[in-house]
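Enquirer: Just dropping this structure here.
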Amino acid sequence: MRFFKTFALVVTSSAGLMAVSLCAAAQTAKKPVPQLGKNSVKEVIAAMTLREKVTLLVGAGRAPKPKSAGNGVSNGWVPEPPMIGHTETKVPGAAGNTNAIPRLGIPSLVLSDGPAGVRISPTRKGDNHTYYATAFPVGTLLASSWDPTVVESVGRAFGNEVKEYGVDILLAPGVNIHRNPLNGRNFEYYSEDPLVAGKIAAALIRGVQSNGVGTSIKHFAANNQETNRNYVSSIVSERALREIYLKTFRLAIAESNPWTVMSSYNRLNDVYTAQRHDLLTTVLRNEWKFKGFVMTDWGGGYDWVAEMKAGNDLIMPGRPDQIETIIDAVQHDSLSVKVLDSNVEHMLNIILKSPAFKQYAYSNHPDLKAHAAIARRAAAEGMILLKNQSQALPMTTNVKTVAAFGNATYNTIPGGTGSGEVNKAYTTSVYQGLLNAGYLPDESLKNVYGRFFKSLTDPEHPHRGSSELMASDSLLKATASHNDVALITISRNAGEGHDRNLETNYNLTPEEKQNFKKIAEAFHGKGKKVIAVLNIGGVIDMKGWQDDADAILLAWQPGQEAGDAIADLLSGKVNPSGKLATTFPVSYSDVPSAKNFPGTPAERPAQVIYQEGIYVGYRYYDTYKVKPQYEFGYGLSYTNFAVSNLKLSSTQFNGLLTASVVVKNTGKVAGKEVVQIYISAPTQTIDKPEQELKAFAKTHLLQPGESQTLTFAIRSADLASYHTRSSEWITDAGKYTLKAGTSSRDIKQTATFNVAKALVVEKDHQVLQTPVNITEYKGSASK
Ligand code: BGC
């Protein structure tokens, strides 16, 4: 009788699926039950029932919907499409939880988005306390800092919020390559280049995890678009995977040991990534020695048993029918319990490190003020000065009054939408930033925009479509006479679930261009300058308007301190030092993947062929001699630098080469410079890009006249290419040219060295093959 009572209790309390198997406890009541942390992981696993194992491997989901009579759904659950996570259990607004197994001392973990700040509900019913999180700059901006030290400091503050809000694992960073500028989630991601993306992601992970909380590097892998993201098959060659799309993950994992990896929604070479044993076990665990656990994206994949077998340890957000399916497979011999044991082991090893396991008494009071200061500093480090004619910037003593145009001047966009959005307490607008910095923005113009926002149905998001520029003739006449300068903020937003529209989001609309021109004519007519600020999450078209701007500051989506950080650069308080980690092409049609995005058929693509192969971003533009608008690595400063004295440790490569250069600030104000090391390799055995980034470093703040020596290490693995036929990474014999530049097209110094004999750096498994032959681009053949 007692047994049944206990069982009934369990069923009732399983609404959130947080506790199971007290009945199993009853069965083993006489033996002391092993406890996680006190007994070994193996002993705990040996004591687990099948149901307990599976319950740990399937997330706690949402509370089941109440059964309604005759709805035909037996357990009250309906299959859910891919979703942005949301739970009300434990930490409201977090993306999901894992199931606890109290009998064995296994706690439930809280998993929360996202890449630019902790995404939890800012307010809770019957609770006066607020739970705002800092909106840090988006990933693309962080990467544009080219400064792992700055990004690690962001990570430390970010991770502190994760911990103090009771979260165990942050579902970030997102490191998918910027394959195509229309990807709606590019703002979350870092770069078109795996080295920059990998190094910056590693810095963020190290910072976050230094708090004793985890991260989930995502979305593994080849998830480079949102259109039909839960079905589309990315068809990618092994070489492009190894050299570009997997490389970011590999680098970041090697340098930061993220606790978890999130597999992606898409299929890769026709098989869901969450169901690919070769990807999740052969490559990730066996080749790269990843030690954490792998989780699905929210609702990713469809074959739960295949996911278990592949080494996708945790299914999120989790549904009861998934548990039943997996148990059934074990009971019918189509899944070995050994597979589950190994998945459970991966999870328990991480759970042992978690704040939940350590019963950390979180405060719900992170130091938001201190973190805001860090967000502001980082934002300023990653903004890029694209153009600065006749020293239009900084706006020093000659500028006091500012005519500020554009919706985003008043409603500045801190970050993109979807799971990457943060519930922050505020966003400082460009207008407010100008005021705070001591400028006098035109109040009548502000009122005009205010009236416009009031007329909108969704004033919170006036910039969902294109950015509006007011340019009525009478308005312009007055503002051009009364103000010292025109400042035009152009904004774009995008996010999860949709790619950007070429005509209305990538391009400026004809109306925007026309209004930009009108404003420029009015101000230039009075001998006044026009400054453009780009408050965007991804690359836009620059044609037909940029010539009318005297200066262009690419502010990206800089987080909640947006306005103050932008004003820091406009005023010269901070000297711009950001560099593009993604190319701005002259035209969208120049983008190497333009012909193959978002795949076929266009409305609901089943397949997207990565025909450009390894020729992504500058690897394509440089090899195919296509001139970009603003090249990879580009960014101006208010001062000048000289890069000299390139020295190599040897001209004969012997496994490790060091290169050093001296950077001198030759201008009049303090500033920082990024030196980028590109290498052109011999191409006798295999086609290779014209050049590839192999190392980079940013100076400290150099005073006028001050110099700093930067040193770079190049190892054999850095020089190797992936030879598909033999599955080997090979560093070819021959002559290599090393170039030290301040952009991919502004090379300051070059030197050559020689590799005497080809080196096989690594032999990998022959996996991840394409289902069809792809006629890939072959760069060197076209040279
Ligand atoms: C997104 C993930 C996110 C998850 C949980 C999914 O829709 O693709 O990036 O972490 O939701 O919210």
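Enquirer: Please tell me the relative contact order of the range 481-551 in percent, rounded to the nearest whole number, where contacts are Cα pairs under 8 Å and at least six residues apart. Before the final figure, lay out each step's value.
Expert: Working: 82 pairs, mean separation 32.9, N = 71.
The value is 46 percent.
Enquirer: For a test of the definition: using alpha carbon positions, the gyration tensor, and the 1.5 limit on a/c, classify the range 364-489 as rounded, prolate or oblate.
Expert: Numbers: a/c = 1.96, a/b = 1.27, b/c = 1.54.
Note, shape of the range 364-489 comes out oblate.
Enquirer: Can I ask one more? Would you mind checking which residues have amide H under 5 Å from L268's amide H? H placed 1.01 Å from N; only 5 or more apart, or other chain.
Expert: S234, T273
Enquirer: Compute the accessible area per residue over the range 527-680, keeping the other protein chains in place, probe 1.4 Å, unit Å².
Expert: Details: 4680 Å² over 154 residues.
Per-residue value: 30 Å².
Enquirer: Counting other Cβ atoms within 10 Å of each Cβ, which trypsin sites (Lys or Arg not before Pro) in the range 701-767 have at most 10 and sit in a DSSP loop?
Expert: Sites meeting the loop and neighbour criteria: R725, K757.
Enquirer: How many percent of the accessible area of the chain is carbon or sulfur, using a 1.4 Å probe? Don't skip to the end; give the middle numbers.
Expert: Numbers: 14950 of 28730 Å².
That fraction is 52 percent.
Enquirer: Counting DSSP beta bridges with both partners in the chain, what percentage is antiparallel, nearest 5? Each step should come with its number before you reach the end.
Expert: Details: 57 of 95 bridges.
So the antiparallel bridges in the chain amount to around 60 percent.
Enquirer: Same structure, new question: Please calculate how many Å² of accessible area the range 109-178 carries per residue, with a 1.4 Å probe and no DNA, RNA or ligand atoms counted.
Expert: Working: 1530 Å² over 70 residues.
Computed with neighbouring chains in place, this is 22 Å² per residue.
Enquirer: Given a Förster radius of 41 Å and the C-beta distance between K627 and T397 as r, what FRET efficiency does 1/(1 + (r/R0)^6) yield to the nearest 0.05? List each step's numbers first, then the result.
Expert: Values: r = 38 Å, r/R0 = 0.92.
That pair, K627 with T397, gives E of 0.60.
Enquirer: Give, in nm to one decimal, the length gained when the segment between K291 and D367 is fully stretched (0.36 nm per residue of separation minus the Cα-Cα distance). List each step's numbers first, then the result.
Expert: Working: separation 76, 0.36 × 76 = 27.36 nm, distance 3.19 nm.
Fully extending the segment from K291 to D367 adds 24.2 nm.
Enquirer: Which value at 222 nm does the chain reach when only helices count, each DSSP H run of 4 or more adding -39,500 (n - 2.57), with the total divided by all residues and rounded to the nearest 500 deg cm²/dmol? It would help to have the intermediate numbers written out before the result.
Expert: Working: 21 runs with 204 residues, N = 783.
Theoretical 222 nm ellipticity from helices: -7500 deg cm²/dmol.
Enquirer: Quick one: which residues, 5+ away or cross-chain, put their amide H under 5 Å from the amide H of V485? H built at 1.01 Å from N.
Expert: A403
Enquirer: Label H129 and F452 with points 7 Å out from Cα along Cα→Cβ: what is the distance between them in nm?
Expert: Roughly 4.2 nm, to one decimal.
Enquirer: Okay, next question. Rolling a 1.4 Å sphere over the protein heavy atoms, what is the accessible area per residue of the range 335-494, to the nearest Å²? Don't skip to the answer; put the middle values down first.
Expert: Values: 6800 Å² over 160 residues.
About 43 Å² of surface per residue is accessible.
Enquirer: Starting from the Cα of N640, step 7 Å along the direction of its Cβ; do the same at S121; then give the gap between the two resulting points in nm.
Expert: The modelled label-to-label distance comes out at 5.9 nm.
Enquirer: Describe numerically, in nm with one decimal, the distance between label points set 7 Å from Cα along Cα→Cβ at A602 and at Q389.
Expert: For A602 paired with Q389, the spin-label model returns 3.5 nm.
Enquirer: Also, quick follow-up: Give me, ordered by chain and number, the residues 5 or more places off A60 or on other chains with an amide H under 5 Å from its own placed amide H.
Expert: Here the answer is N97, T98, N99, since their amide H atoms fall under 5 Å of that of A60.
Enquirer: A follow-up question, please. Round to the nearest 0.05 the FRET efficiency obtained for K735 and K595 when R0 = 35 Å and r is the Cβ-Cβ distance. Present the calculation step by step, with values, prior to reporting the outcome.
Expert: Numbers: r = 34 Å, r/R0 = 0.98.
Once the sixth-power term is evaluated, E becomes 0.55.
Enquirer: While we're here: Measure up K199/K647; K424/K573; K387/K647; K543/K668 against 29 Å on the Cα-Cα distance and list the ones that go over. Mind showing how you got there, number by number?
Expert: Working: K199/K647 24 Å; K424/K573 25 Å; K387/K647 32 Å; K543/K668 32 Å.
Listed pairs above 29 Å: K387/K647; K543/K668.
Enquirer: How would you classify the range 557-677 from its alpha-carbon gyration tensor, with a ≥ b ≥ c the square roots of the eigenvalues: rounded for a/c under 1.5, else prolate if a/b is greater than b/c, otherwise oblate? Display every interim value, and only then the final one.
Expert: Details: a/c = 2.71, a/b = 1.31, b/c = 2.07.
Taking the square roots of the gyration eigenvalues as a ≥ b ≥ c, the range 557-677 is oblate.
Enquirer: Compare the Cα positions of F187, V663, Y449 along the charge dipole of the chain (+1 at Cβ of Lys, Arg; -1 at Cβ of Asp, Glu; about the Cα centre) and return the one farthest towards the positive end.
Expert: V663
Enquirer: Further question: How far is helix 2-13 tilted, in degrees, relative to the longest principal axis of the Cα atoms in the chain, given as a value from 0 to 90 rounded to the nearest 10?
Expert: Orientation of helix 2-13: about 20 degrees from the principal axis.
The values are calculated or read from the model by the stated rules, or taken from the named source; none is laboratory data. None of these values were measured; they are calculated from a predicted model. In this analysis, Cβ positions are derived from the backbone assuming ideal geometry, glycine residues included, and neighbour counts consider all displayed protein chains. In case anyone asks, the SASA skips ligands and DNA or RNA and just uses the protein heavy atoms, side chains included. Shrake-Rupley method; radii C 1.70, N 1.55, O 1.52, S 1.80 Å.
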